[in-house]
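The values are calculated or read from the model by the stated rules, or taken from the named source; none is laboratory data. Please read these numbers as outputs of a predicted model, since none were measured by experiment. Positions of Cβ are backbone-derived with ideal geometry, glycine not excepted, and every protein chain shown enters the neighbour counts.
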Amino acid sequence: MGDLKSKKLIVLKGFFFFLIILLSMALIIIESKKISVFILCLVLAWASARFYYFLFYVLHQYVDHELKYTGIVHLITVLFKNISKKNEKK
């Protein structure tokens, strides 16, 4: 399957992700019936979004412009390769 190119479909995909978040949070809150769980869900959603931003924008823009990766697993692989290259040079 190729990359998604339609702007409308990209926005729809984002909406579906948001819907999954809302439904998951609603089901967790319905099951627990506690305000603390609701607050923890909000913190989890916020922290996850910030971590994603950190991994895919901050690292590239502010830490290493040459660092290129397609996902978290690929990032870990690239970092381990970089570490092993540095160790080989010593």
Applying the selection to the range 1-54, what residues are surrounded by 11 or more Cβ atoms within 10 Å (Cβ to Cβ), more than 15 Å from the chain's Cα centre (by Cα) and among the small types (Gly, Ala, Ser)? 24, 26, 32
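Kindly indicate whether residue 13 is over 24 Å from residue 72 (Cα atoms), modelled with pLDDT of 90 or more and either in contact with a Gly (Cβ under 9 Å, 6 or more places away or on another chain) or of a type in the set (D, E, K, R) (or both).
No; evaluated as a whole, the condition is false for this residue.
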Considering only the range 34-58, state which residues are of a type in the set (A, V, I, L, M) and in contact with a Phe, Trp or Tyr (Cβ under 9 Å, 6 or more places away or on another chain). 55
In the range 55-71, anything surrounded by 11 or more Cβ atoms within 10 Å (Cβ to Cβ) and assigned to a helix (DSSP H, G or I) is listed as 55, 56, 58, 59, 60
Looking at the range 45-59, can you tell me whether even one residue there is in contact (Cβ under 8 Å) with a residue 24 or more places away in the chain, of a type in the set (A, V, I, L, M, F, W, C) and closer than 24 Å to residue 22 by Cα? yes
The condition from (1) surrounded by 12 or more Cβ atoms within 10 Å (Cβ to Cβ); (2) out of contact with any Phe, Trp or Tyr (no Cβ under 9 Å at 6 or more places or on another chain) that residue 75 misses is numbered (2)
